[in-house]
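Q: Below is a structure I'd like to ask you about.
The values are calculated or read from the model by the stated rules, or taken from the named source; none is laboratory data. Since the structure is predicted, the reported quantities are computational estimates derived from the model, not experimental observations. No Cβ is skipped: glycine too gets one built from the backbone with ideal geometry, and neighbour counts run over all protein chains shown.
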Amino acid sequence: MELRQLEHFLAVVEEGSFTRAAARVHLVQSSLSASVLSLERELRTELFVRGRRGTELTAAGHALLDPARTVLRGVGRARDAVAAVEGLLRGSVRVATVPLPRELDLSRTISGFRTAHPGVDLHVVPSRAQEAVQLVVEGDADFAVAPLPPQPGRPLRFTRLTSTPLVGLCPTGHRLSGGDTVDPRELVAEPLVDLAPGWWSRVLFDRLLEAAGLHREVRLEVADWHSVLTLVQRGVGVSYGPAACVDRQTFDRIDLVPLVGAPTWELGVVTRDDGPHGAAGRAFLTSYLSRCRPRRATVGATGAP
């Protein structure tokens, strides 16, 4: 069994298809398929069920998943240790992130880090809040920039970067625009563009409605923040979200209206208690935090929203 076979196996698991996995590891699909097939022959079992809708793990594939991740994390730490002795920084960094306010964007950190450390591979994984945190918990991301939903018993740390109220989002000129506040009742009486379950903004908005004794039927649900803003700007409906995450330069025809009883959406860096395991991950996190200048101290998971 070779390390590259385990890398190819995990790429297929994480990408959900051989085509996307091949692109990720810079191989033609036939070469990736041959690598996985060779691993299956060595283990004398099938690891994937291949179908028109993608790939799914077999029971044997599920059994291999955690050991494969453990082996590759161990190899990564070994490489980091040797590189540290040589005074070099190598390896890879994986960061899971929700859509971010402009001032907390990763791009400046990435640009400077790539110049300083060209031997490090960087992977940014767009995620919903709960998915981002789960990637950190499972060791599949060095850290996440996300809200921290409650994670009982999880050994996590949360460095708060900013907080912003949940607001109503209306197309410019809408009847709800321009007011001092908008009641959630008025918002749900309009055609509403909802985020999919798993987004922390959706969780907060649902809780707000529940506290007000309101019920709504979800009739239009989209899976990403950019689509929400695009639909609101085009007048398809109204929505809700964290005020700081609306890029006013791109979405200049959206009005933000304060919500009555609005909860606060808090964003920060989520890591395991012991931080990123690799030297590259620790260095990238340090660089990012130095640019962000966190407003508050690090707290444990129980102290986060």
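Q: Considering only residues that are basic (Lys, Arg) and either crowded, with 21+ Cβ neighbours inside 10 Å or part of a loop (DSSP other than H, G, I, E, B) (or both), which ones fall in segment 243-285?
A: So the first thing to find is which residues in segment 243-285 are basic (Lys, Arg), and the list is 248, 253, 272, 282.
Residues satisfying the conditions are Arg248, Arg253.
Q: Give segment 224-242 a look and list any residue that's of a type in the set (D, E, K, R) and either crowded, with 19+ Cβ neighbours inside 10 Å or more than 22 Å from Pro126 (Cα to Cα) (or both), or say none.
A: Step one: filter segment 224-242 for residues of a type in the set (D, E, K, R), giving 224, 234.
Answer for segment 224-242, where residues must be of a type in the set (D, E, K, R) and either crowded, with 19+ Cβ neighbours inside 10 Å or more than 22 Å from Pro126 (Cα to Cα) (or both): just Arg234.
Q: Something else about it: Answer yes or no: is there a residue in segment 200-217 that is modelled with pLDDT under 95, farther than 25 Å from Tyr288 by Cβ, among the charged types (D, E, K, R) and touching a strand residue (DSSP E or B) at 6+ places or on another chain (Cβ under 9 Å).
A: Yes, segment 200-217 contains at least one residue that is modelled with pLDDT under 95, farther than 25 Å from Tyr288 by Cβ, among the charged types (D, E, K, R) and touching a strand residue (DSSP E or B) at 6+ places or on another chain (Cβ under 9 Å).
Q: Still on this structure, please answer the following. Among all residue pairs at least 6 apart or on different chains, which show Cβ distances below 7 Å where the first residue, located in segment 252-263, is under 8 Å from Gly168 (Cβ atoms) and the second is aliphatic (A, V, I, L, M) and in a strand (DSSP E or B)?
A: Between residues of segment 252-263 that are under 8 Å from Gly168 (Cβ atoms) and residues that are aliphatic (A, V, I, L, M) and in a strand (DSSP E or B), the close pairs are Leu256/Val167; Leu256/Leu169; Val257/Val167; Val257/Val182; Pro258/Val167; Leu259/Leu166; Leu259/Val167; Leu259/Val182.
Q: Turning to a different aspect of this structure: Restricting to segment 234-259, give me the number of residues that are farther than 15 Å from Leu208 by Cβ and touching a strand residue (DSSP E or B) at 6+ places or on another chain (Cβ under 7 Å).
A: If we filter segment 234-259 for residues that are farther than 15 Å from Leu208 by Cβ, which is where we start, we get 234-237, 244-256.
In the following step, the residues that additionally are touching a strand residue (DSSP E or B) at 6+ places or on another chain (Cβ under 7 Å) were identified as 235, 237, 244, 246, 253-256.
Number of matching residues: 8.
Q: Continuing with the same structure: Looking at Thr55, is it under 28 Å from the mean Cα position of the chain (by Cα), modelled with pLDDT of 80 or more, outside any helix (DSSP H, G or I) and of a type outside the set (A, V, I, L, M)? Before the answer, list the steps.
A: Numbers: under 28 Å from the mean Cα position of the chain (by Cα): yes; modelled with pLDDT of 80 or more: yes; outside any helix (DSSP H, G or I): yes; of a type outside the set (A, V, I, L, M): yes.
So Thr55 passes the test.
Q: Related question: Taking helices (runs of 4 or more DSSP H) that do not extend beyond segment 92-188, which have at least 3 residues that are without any contact (Cβ under 8 Å) to a residue 40 or more places away in the chain? I'd like the intermediate steps shown before the answer.
A: Working: elements: 107-116, 129-137, 184-188.
Fully inside segment 92-188 and qualifying: 107-116, 184-188.
Q: Pairs please, first residue from segment 12-39 and of a type in the set (S, T, N, Q), second anywhere and surrounded by fewer than 16 Cβ atoms within 10 Å (Cβ to Cβ) and not in a helix (DSSP H, G or I), Cβ atoms under 6 Å, 6+ apart in sequence or on different chains.
A: Note: pairs meeting the criteria are Ser17/Gly54.
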